[in-house]
Each structure stands twice: as structure tokens, then as C-alpha cells.
Amino acid sequence: MSGVQILAFVSGLAGLGATIGATVSNEWRATSRASSVITATWVLQGLWNNCAGNAIGALHCRPHHTILQLDGYIQACRGLMIAAVCLGFFGSIFALVGMKCTKIGGSDKSKAKIACFAGVNFILSGLCSLSACSLYAHRITTEFFDPMYMAQKYELGAALFIGWSGSILCIIGGSMLCFSISGSFTKSHSQANYIYNGAASHSHISSSPRGKAKSVNQRPPPDYSNSSRTQHFDKNAYV
């Protein structure tokens with residue numbers, strides 16, 4: 001199980017790195033070359049910046065100067081990605097404490113609970129990242145395939161694919177951590193049953209000789225009727 005937990009931790013950590021990279025990236029969407037007349041320039045947009053580049057290699061970025069006037073889906077994606085990063089960070093910390101190969105965290109049962117909690121954090125992190133990327137991609141595809149949308153159309157950026165990959169890695173790592181603790185609870189339960197059965201059999205064995213000794217030490221009461229008959233026979237003999 002230690003190898004499974006190490007693999008789950010590496011998967012969750014890689015997913016966290018991909019989630020952070022997708023969050024800070026400026027390539028959530030890019031201008032579509034099919035609808036652009038001038039293909040020597042393009043526009044990239046992310047959650048935090050708008051960037052414009054050209055064929056020479058120059059890239060100029062401008063942050064979003066407003067928060068309240070942003071579209072609702074962008075604000076929702078910001079919140080989901082920040083939550084995904086925070087959950088993944090705490091999941092990594094708890095996974096380090098809860099893994100069997102580390103010497104911190106207390107007993108095996110408590111470490112198993114911590115590892116399960118870390119797995120839940122990784123799964124929630126992956127779900128948040130998956131929801132944010134899917135929501136952003138749905139908005140892009142809706143605008144792209146809408147024939148009545150006359151503004152600039154965009155295509156899916158590289159950050160979306162990075163975010164999807166990171167979310168899948170986080171979900172896989174969290175699931176592996178949660179399933180890896182089943183052996184610990186089964187082992188502790190079997191040990192408890194063995195200790196209980198051993199104690200019960202030991203008490204039964206230790207109580208049996210005492211009962212036998214007591215029955216051996218008990219002597220039958222003297223039979224006074226036989227002695228009185230003997231004395232009476234002796235008196236008749238003398239007479």
C-alpha cells in the first residue's frame with residue numbers, strides 16, 4: 001500500500017502543478033484564424049490578462065482593470081481555480097502526513113484517516129478545476145458556433161487542456177489515496193478480533209483448573225451411620 005500511496009501523491013502533486021499552471025496562464029482562449037482577416041496578429045485571453053501578439057514574436061499583455069464589470073463566467077472560473085489550488089495544496093500537506101512511508105501522524109489508524117482526508121481534498125480540487133475549464137470551454141464553443149454572434153470568435157486555448165489534465169490527475173490521485181486505506185482498517189479490525197478472542201480463551205483456560213482443583217479438594221462428608229452401626233455391633237458382641 002505504500003507504493004500505491006506514493007503513486008497517488010505524485011499524481012495529485014502533478015495535478016496541482018498543472019492546475020496552478022492553467023490558473024496563471026494567459027491562453028484560455030485564442031483568436032480563431034478562420035474568422036480573422038489579418039493572420040499576422042492574434043489575441044490571447046486568460047483569467048487575469050488580455051494579451052496581443054504578432055508574427056515577429058512581440059507579446060503585450062494588459063490585466064483586467066475591472067472586477068465588477070467582468071463577465072460572470074470569468075469570475076466563477078477565477079473562484080473555482082483558486083479553490084482548486086487551495087484544496088490541492090492542503091491535500092498535498094495532509095498526504096505527506098498520512099502516508100505510511102512517513103514517520104509523522106501517529107498510529108496507523110490515524111494516518112489512514114489523514115490520508116483519506118487528503119484524498120478527498122484532491123478529488124474536490126480536481127472537480128473544481130474540471131468545472132472551471134468546462135464552463136469556460138462551453139462559453140467559447142457556444143459563441144463560436146452561434147451564427148448570430150458577430151464579434152470576434154475564439155478557440156480553445158492550451159490552458160484549458162492543461163487544466164483538464166490536472167483535474168484528471170487530481171481525481172485519480174485522490175481516489176487512490178482513499179482506496180489505499182481500506183487495508184489498514186481491515187487489518188486493525190482483525191487484530192482487535194484476535195486480541196479479544198485470545199483474551200476470552202485465556203480467561204476460559206485459566207478458570208478451568210480452579211474449578212477442577214476445587215472439585216478435587218472437596219471431600220465427602222463422613223458417614224456417621226456406619227460408625228454407629230459398628231459401635232452397636234460391638235456392644236452386642238460383648239453382651
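The values are calculated or read from the model by the stated rules, or taken from the named source; none is laboratory data. Quick caveat: nothing in here was measured; it's all calculated off a predicted structure. Backbone-built Cβ (ideal geometry, glycine too); neighbour counts: all protein chains shown. Just the protein is used for accessible areas: all its heavy atoms, side chains included, with ligands, DNA and RNA removed. Shrake-Rupley method; radii C 1.70, N 1.55, O 1.52, S 1.80 Å.
Assorted remarks:
- Only a single criterion out of (1) crowded, with 17+ Cβ neighbours inside 10 Å; (2) at pLDDT 95 or above is not satisfied by Ala115, namely (2).
- Selection over segment 70-105 of residues that are charged (D, E, K, R), exposed (fewer than 13 other Cβ atoms within 10 Å of the Cβ) and more than 29 Å from His138 (Cβ to Cβ) gives a count of 1.
- Test: residue in segment 44-63 that is within 15 Å of Cys170 (Cβ to Cβ) and over 14 Å from the mean Cα position of the chain (by Cα): no
- Count of segment 129-143 residues, restricted to those that are open to solvent by less than 40 Å² (accessible area, probe 1.4 Å) and in contact (Cβ under 8 Å) with a residue 12 or more places away in the chain, is 6.
- Residue selected from segment 118-128 under the condition over 30 Å from Asn26 (Cβ atoms) and of a type in the set (A, V, I, L, M, F, W, C), by the criterion most open to solvent (accessible area, probe 1.4 Å): Val120
- If only residues of segment 144-181 that are polar (S, T, N, Q) and surrounded by 22 or more Cβ atoms within 10 Å (Cβ to Cβ) are counted, the one that is modelled with the highest pLDDT is Ser167.
- Residues being surrounded by fewer than 15 Cβ atoms within 10 Å (Cβ to Cβ) and modelled with pLDDT of 85 or more - total across segment 18-42: 1
- Filter pass, Ser2 being in contact with a helix residue (DSSP H, G or I) (Cβ under 8 Å, 6 or more places away or on another chain) and not charged (D, E, K, R): no
- Listed conditions (1) at pLDDT below 80; (2) open to solvent by 80 Å² or more (accessible area, probe 1.4 Å) are all met by Gly57, apart from (2).
- Against the test of being in contact with a Leu (Cβ under 8 Å, 6 or more places away or on another chain), touching a residue at least 12 places away in the same chain (Cβ under 8 Å) and not aromatic (Phe, Trp, Tyr), the options Ala95, Ala112, Ala158 yield a single qualifying residue, Ala95.
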